[in-house]
Amino acid sequence: MPQASSKHIRFKGRSFPVLTLEPEQPLEGWFEQLDGLLTQSPAFFSRKSIVIDVAKLTLEQSELGELLENIGRRGIRIMGLSGVDPSWACDALPPILAGGRATPQPPSEADATPAKDASSGTLTPSEESAFKDIANALGVSGSPGGVASAMPPAPSAAPLILLEPVRSGQSIYHPEGDVTVIGSVASGAEIMAGGSVHIYGTLRGRAMAGAYGEKRARIFCRRLEAELLSVCGVYLTAEEISANVQSQSIQAWLENETVKIARLD
Amino acid sequence: MSKTLVVTSGKGGVGKTTSTAALGAALAQLGHKVAVVDFDVGLRNLDLVMGAERRVVFDLINVAQGDAKLHQALIRDKRLSNLYLLPASQTRDKDALTEEGVQQVIGELREKFDWIVCDSPAGIERGATLAMRFADVAVVVANPEVSSVRDSDRIIGLLDAKTERAERGERVEKHLLLTRYDAQRAGRGEMLAVDDVLEILSIPLLGIVPESEEVLRASNVGSPIILHNAMSAAARAYMEAAKRLCGEELPVKIPTDRRGLFVRLFGRRAA
């Protein structure tokens, strides 16, 4: 039998620079300008991963699908969505991203319209100028070319607080802060947090803290019946969790590359 | 005001169709005008349980596609004059259902009926999501065992996300109906306890229907248990559940093992 080099598969968060496109209302006009630019440099978006930021739009869920379809039809590959209520996450939509920030601008570029620049090591000068063209033509004022940060999440990241039980099949993903659930997490549900996970109920599903490599993250729950616990990519399955912490209120943390569990009372 | 109720569960074989027939008949006996709708396109059963299988001409798909008028497809129950059945098609599959078609049929039914009781197919695919799509109220049917409870939990999540009400930012009223509850096995700890199920699913309990041969017999003769044997424990449980759906406040009794007591008193001598 082939032996794996390490006992566990590790999964860790990592951030990558990404081009963000910010559609603006009225959308008809915005698409017109986008089309105009695509005829000028048709290959600009090809084979790039693009994140669509809709924070500035007031969209219904159905309109969002239409918008994405319209963008996709122009050959733009959408790898994620930003500025969307995380509860909208579903199979029909691209993954929802949160916590993106514009790349810091070099001082020389910090003029009246610094955000129109997409200066980043990942763009060639020609792409950079093409991007400037697009930004100018679209008349965006915010940070459209914001290349999402490649830095670790800010420590002051906002927590996600859920007041309802998390149901089987639901997946809660909060990359930059703590997740608190006032209720139980069902078998077959999962919580992934960049920070710690707090569950004021029974944890029957999976909880992953420190999904972005934060080693100080912990998991707390009122009653442990979990299918899987993971801190910073190191995990324990239900079988590996010792019986004397089963059905107890516990905390779990990372110590010497292993997950430790201790009762809280 | 018309209410659309979906009877759903995720898992198959827990008693959705039996419960749809029983709740539909109970609501009709309470004086409401009721339509029970079979959404299990391709595997229809509600017509059999309602004893109407020999009178099916048109079905849900025909009405949804405009091939038949609603009144042509509705089958009036022979025992209760205010109870109607809209059967499913057996020859088509669930892809024949469209959201627009279902919306239009439900809209028409809402004009004519007080309660529209939709019998959902098992699973979480098209048939099940369309059955719950326009619901105001959901009855989640579960058996006291882990696989059924987990599937129900998944369904509750979908009710909170995929229904028209949820998308409007409103809530679907959700109730738990525990069926096939075996007091003897519960007494021996072979089933999940009622409290555990309620703790896991955290939705209000509508009723507990005991496992009984009477229910099976009623299905086989094509009669909702409510009409087949109104005095049976299952029929009384369904009737009370229907009253609770109408807003009556009745305490839910956990069925106890009466035979167990009998055996305990007299069985030892025989053994």
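The table that follows gives values for the structure above.
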{"read-out": "Dipole magnitude of chain B about its Cα centre (Cβ charges: Lys, Arg +1; Asp, Glu -1), debye to nearest 20", "value": "940 debye"}
{"read-out": "Segment B:1-102 - percent relative contact order, Cα under 8 Å, separation 6 or more", "value": "30 percent"}
{"read-out": "Lys, Arg +1 and Asp, Glu -1 on Cβ, resulting dipole of segment A:19-88 about Cα centre, debye, nearest 20", "value": "480 debye"}
{"read-out": "Carbon plus sulfur fraction of accessible area for chain B, probe 1.4 Å, in percent", "value": "49 percent"}
{"read-out": "Exposure rank, largest accessible area first [B:195, B:59; 1.4 Å]", "value": "B:195, B:59"}
{"read-out": "Relative contact order of segment A:19-88, pairs being alpha-carbon contacts under 8 Å that are 6 or more residues apart, as %", "value": "40 percent"}
{"read-out": "Centroid-to-centroid separation of segment A:25-77 and segment B:68-89 [C-alpha atoms, Å]", "value": "49 Å"}
{"read-out": "For residue B:117, residues with placed amide H under 5 Å, excluding near neighbours", "value": "B:5, B:35, B:36, B:37"}
{"read-out": "Buried on assembly, segment A:167-183 (at least 10 Å² less accessible surface than by itself, 1.4 Å probe)", "value": "A:167, A:168, A:169, A:170"}
{"read-out": "For segment A:180-194, Karplus couplings with θ = phi - 60° (6.51, -1.76, 1.60), whole Hz, Gly/Pro x", "value": "10, 10, 8, x, 9, 10, 6, 4, x, 9, 9, 10, 10, 10, x"}
{"read-out": "Positive-end residue of B:91, B:142, B:39, charge dipole of chain B with Cβ unit charges", "value": "B:142"}
{"read-out": "Accessible area of segment A:19-88 divided out per residue, in Å², using a probe of 1.4 angstrom", "value": "53 Å²"}
{"read-out": "With at most 12 neighbouring Cβ atoms within 10 Å, loop GluC sites (Glu not before Pro) (DSSP) excluded, longest segment of chain B", "value": "B:1-124"}
{"read-out": "Protein heavy-atom accessible area occluded, A/B pair - total, 1.4 Å probe, Å²", "value": "1000 Å²"}
{"read-out": "Candidates per GluC sites (Glu not before Pro) in segment A:164-265, loop by DSSP, up to 15 other Cβ within 10 Å", "value": "A:257"}
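The values are calculated or read from the model by the stated rules, or taken from the named source; none is laboratory data. It should be emphasised that the depicted structure is a prediction, and the values quoted were computed from it without experimental measurement. Quick reminder, even Gly has a Cβ in these numbers, built from the backbone with ideal geometry, and neighbours come from all protein chains shown. Accessible surface is based on the protein model in full, side chains and every heavy atom, while ligands, DNA and RNA are left aside. Shrake-Rupley method; radii C 1.70, N 1.55, O 1.52, S 1.80 Å.
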